[in-house]
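In what follows, a single structure is set out as structure tokens and then discussed.
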Amino acid sequence: MVLNWIWIAFFAIAFLMAAGRTLADGDLAVWADIMNSSFSQAAFAFEISLGLTGVLTLWLGIMKIGERGGVIEFFGRLISPFFSRLFPGIPKGHPAMGAIFMNISANMLGLDNAATPMGLKAMQEMQSLNPKKDTATDAMIMFLVLNSSGLCLIPVSIMMYRAQGGAANPTDIFLPILIATAIATLVGLVALCIKQRIRMDRVLLSWLAGIAAAVAGVVWFFSTLPADKMELYSTFAANVLLFSVIIAFIGAGVRRRINVYDTFIEGAKEGFKTAVMIIPYLVAILVAIGMFRASGALDLLTSWVESGVNALGFDSRWVGALPTMLMKPLSGSGSCALMLDVMKENGPDAFVSRLAAAVRGSTDTTFYILAVYFGSVGVMKTRYAAGYALLADVTGAIAAIAVAYFFFG
């Protein structure tokens, strides 16, 4: 229901903004801009789905081998003490547990192309347990909020963009991003545990403490590396782990004497079907976002906030990154473009450029995730998923601002 009203609001605000610009300023071109944006965003949604087709075909094929080979079941048992408490509606040993673990692990390593197919597999497994196929379960919502909070240990792509932009030290945003995304994940997780009345027992608290310790260990390790080696080692570690997963899945299939090739083809066919299924959901979200942005509503909101902050006498340097903050839940490519625009206008090492990078990495793209993941299984009633995912987004943005001032202010 929340997502429904948010979607309607995008169109309504865009229309009112365009009408206001026409009546007040005589701007007639804004209507063409909005409609052109709707067409280009619809085409862009198809391009995204088309681009995902190959990746989904590959990784759902690999996941099918892992499932038949027993690897997914093994991962499910491995994290069962923790996930059985976060996802009490999923039976122990169910394939959904292993798929969820693989998805979250890929997200933590910054492997977006691998994380999405694994996440879609997890949603399909959870949907098989869903008594109301059009309504999100508590487990689905927990999974979506964990994805939206976007805990990422190695933000390779953002460091790469900073390097391409000529930053003196492209990896200097690594620790701020890690801290901000950890805070966003923790707040989203705890808030949802309270909402779903999940008891914070000793086992759950121990696992959370262990995850916090692991994050602290990563922070310590990378803080000891030379600046020019951090990106190299993080990319190396992520890709070695990813390839190792593929080899482990194939090896498990061989050990169980299954036909690995035929199993891959079976899973790959599922990936193709999934890519086609998500097209309408992507079109719906991306067109609404594009029209909202083309109307000038985003720019107007930014100028209002900057005026208010200045009137209160506070430092308004962070407002330059506000468009990136507002776009982040709406569009990954849009927020990336805005981050790059900030870097271009202010230089890659300016405070606002570093803040925009920290915000870009603090959480994931909420509405894209909601559209793709729920759309892949035909869930229309998302309940409170959007609200709690946006809570993680807001928390991540605030944490990114605070951390950026601490490191670079």
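Values computed for the structure shown
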read-out	value
Some residue of the range 6-22 being closer than 19 Å to residue 281 by Cβ and over 23 Å from the mean Cα position of the chain (by Cα)	yes
Among the candidates 192, 208, 175, residue that is more than 29 Å from residue 239 (Cα to Cα) and either in contact with a helix residue (DSSP H, G or I) (Cβ under 6 Å, 6 or more places away or on another chain) or assigned to a helix (DSSP H, G or I) (or both)	192
Qualifying positions in the range 63-83 - of a type outside the set (Val, Ile, Thr) and under 22 Å from residue 377 (Cα atoms)	63, 64, 66, 67, 68, 73, 76, 83
Neighbours by Cβ (under 6 Å, 6+ apart or cross-chain): first from the range 172-190, under 15 Å from residue 355 (Cβ atoms); second charged (D, E, K, R)	173/354
Residue among 223, 234 that is exposed (fewer than 13 other Cβ atoms within 10 Å of the Cβ) and at pLDDT below 80	223
Residue match in the range 280-288 (condition: farther than 30 Å from residue 120 by Cβ, touching a residue at least 60 places away in the same chain (Cβ under 8 Å) and out of contact with any strand residue (DSSP E or B) (no Cβ under 7 Å at 6 or more places or on another chain))	no
Residue under evaluation residue 318, criteria (1) farther than 27 Å from residue 48 by Cα; (2) surrounded by fewer than 20 Cβ atoms within 10 Å (Cβ to Cβ); (3) at pLDDT 85 or above, criterion not met	(2)
Residues located in the range 292-312, provided they are in a helix (DSSP H, G or I), small (Gly, Ala, Ser) and surrounded by fewer than 23 Cβ atoms within 10 Å (Cβ to Cβ)	297, 303, 307, 308, 311
Test: residue in the range 91-101 that is touching a residue at least 40 places away in the same chain (Cβ under 8 Å), assigned to a helix (DSSP H, G or I) and closer than 18 Å to residue 284 by Cα	no
Residue 258 in contact with a helix residue (DSSP H, G or I) (Cβ under 9 Å, 6 or more places away or on another chain) and at pLDDT 85 or above	yes
Hits in the range 17-29 - residues which are surrounded by 13 or more Cβ atoms within 10 Å (Cβ to Cβ), among the charged types (D, E, K, R) and part of a helix (DSSP H, G or I)	21
Among residues of the range 249-291, those that are part of a helix (DSSP H, G or I) and either among the β-branched types (Val, Ile, Thr) or farther than 26 Å from residue 119 by Cβ (or both), counted	14
Subset of the range 68-79 (residues that are charged (D, E, K, R) and in contact (Cβ under 8 Å) with a residue 40 or more places away in the chain)	68
Within the range 295-323, tally of residues that are over 27 Å from residue 19 (Cα atoms), over 27 Å from the mean Cα position of the chain (by Cα) and not polar (S, T, N, Q)	6
Any pair with Cβ under 6 angstrom, 6 or more apart, that starts in the range 380-401 at a residue that is in a loop (DSSP other than H, G, I, E, B) and ends at one that is small (Gly, Ala, Ser)	382/136; 383/136
Matching entry among 364, 349, 315 (being under 21 Å from residue 137 (Cβ atoms) and in a loop (DSSP other than H, G, I, E, B))	364
Those residues of the range 36-55 which are closer than 26 Å to residue 19 by Cα, aliphatic (A, V, I, L, M) and in contact (Cβ under 8 Å) with a residue 12 or more places away in the chain, in sequence order	42
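Yes/no per residue for (1) of a type in the set (Lys, Arg); (2) buried (at least 18 other Cβ atoms within 10 Å of the Cβ); (3) farther than 30 Å from residue 198 by Cα:
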{"position": "15", "(1), (2), (3)": "no, no, yes"}
{"position": "31", "(1), (2), (3)": "no, no, yes"}
{"position": "36", "(1), (2), (3)": "no, no, yes"}
{"position": "44", "(1), (2), (3)": "no, yes, yes"}
{"position": "63", "(1), (2), (3)": "no, yes, no"}
{"position": "100", "(1), (2), (3)": "no, yes, no"}
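The values are calculated or read from the model by the stated rules, or taken from the named source; none is laboratory data. On a predicted model such as this, the values are computed, not experimentally measured, just so you know. Ideal geometry is used to build each Cβ from the backbone, glycine not excepted, and the neighbour counts take in all protein chains shown.
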